[in-house]
Amino acid sequence: MNGELKKLSIVAYSDPQFDNKVADGEFNTLLNPEKYTFKYKIESNNDQASGTSDLSPKFNKKLPEDLELEFVFDRSGVIQGFEATEDGIIDDIEKFKKVILDYNGDEHKPNYLIISWGSLLFKGSLMEMSIEFKLFKPNGAPIRAIAKAKFQGFVEDDLRVAMENNKSPDLTHLRTVMDGDTLPLMAHRVYGDSKYYLEVAKVNNLTSFRKLHVGDQLFFPPIEKTTTK
């Protein structure tokens, strides 16, 4: 249903390929954010080449974007469906921290995260977080808090190589199926040629390329292009 309320979701993985989901590693927001912010950074090289007078900075690399989000926790009883509890928001906060803050036991680094909500699809890991506790029960248990988190985005190594090779048709794309879309049409948009739709169907384990569902997300992987004689 188009009017169905969808909550922002964070899913934790133990590997950068996002193959191994962390046990109990999913968190859904209490309230959806009012906004989210992307930050992009550009590195530049200001060194002057020998024998030249050109002082303009040289483009070096576009760094992965950062994402800033705020999360609201409230067990005061004012939000329907989230009744007040004896321990307030302690359990909610601990669940949240387990997903985004806990270290991966094997790699000793924060979990790899996929954050999704509507058109937002972000892969990265936590950079920093602060939690402001704002309301308390008489016994001192917190019942309202706001967590401000910054996440660093990244791409997998093979995708980074493709991206820095400046061959955008060879990048891995994630596309959402819209009304009227067909797989050949989507393949043509990504690769400039509809003939690759069978390879896309195979990667996405589609038994029939004709059975696309609006809202589904499909991967369009790097493809070594061939010419048809």
Next on the checklist: Testing Leu206 on (1) at pLDDT 85 or above; (2) under 20 Å from Lys123 (Cβ atoms), one condition comes back false. Which one is that?
Outcome noted: (2)
Item to check | For Asn166: the one exception among (1) on the phi > 0 side of the Ramachandran plot; (2) modelled with pLDDT of 80 or more | outcome: (2)
Checklist outcome for this item: Checked region 16-33 for anything in contact (Cβ under 8 Å) with a residue 24 or more places away in the chain and part of a loop (DSSP other than H, G, I, E, B); matches are Pro16, Gln17, Phe18, Thr29, Leu30, Leu31, Asn32, Pro33
Item to check | Top-ranked residue of region 169-181 - restricted to ones that are surrounded by 16 or more Cβ atoms within 10 Å (Cβ to Cβ) and under 16 Å from the mean Cα position of the chain (by Cα), ranked as modelled with the highest pLDDT | outcome: Arg175
Next on the checklist: Let me spell it out: the conditions are (1) at pLDDT below 85; (2) of a type outside the set (Lys, Arg); (3) in a strand (DSSP E or B), and Val72 meets all of them except one. Which number is the exception?
Outcome noted: (1)
Checklist entry - Counting just the residues of region 182-197 that are assigned to a helix (DSSP H, G or I) and of a type in the set (Gly, Ala, Ser), which one comes out surrounded by the most Cβ atoms within 10 Å (Cβ to Cβ)? => result Ala187
Checklist entry - Hey, Ala84 hits all of (1) closer than 30 Å to Asn204 by Cβ; (2) at pLDDT below 90; (3) out of contact with any Phe, Trp or Tyr (no Cβ under 7 Å at 6 or more places or on another chain) but one; which does it fall short on? => result (1)
Item to check | Pick from region 94-146, criterion at pLDDT 85 or above and assigned to a loop (DSSP other than H, G, I, E, B), ranking: surrounded by the most Cβ atoms within 10 Å (Cβ to Cβ) | outcome: Asn111
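The values are calculated or read from the model by the stated rules, or taken from the named source; none is laboratory data. This one's a predicted model, so the numbers in the text were calculated from it and none came from an experiment. For neighbour counting, all protein chains shown are included, and Cβ atoms are generated from backbone atoms with ideal geometry for every residue, glycine included.
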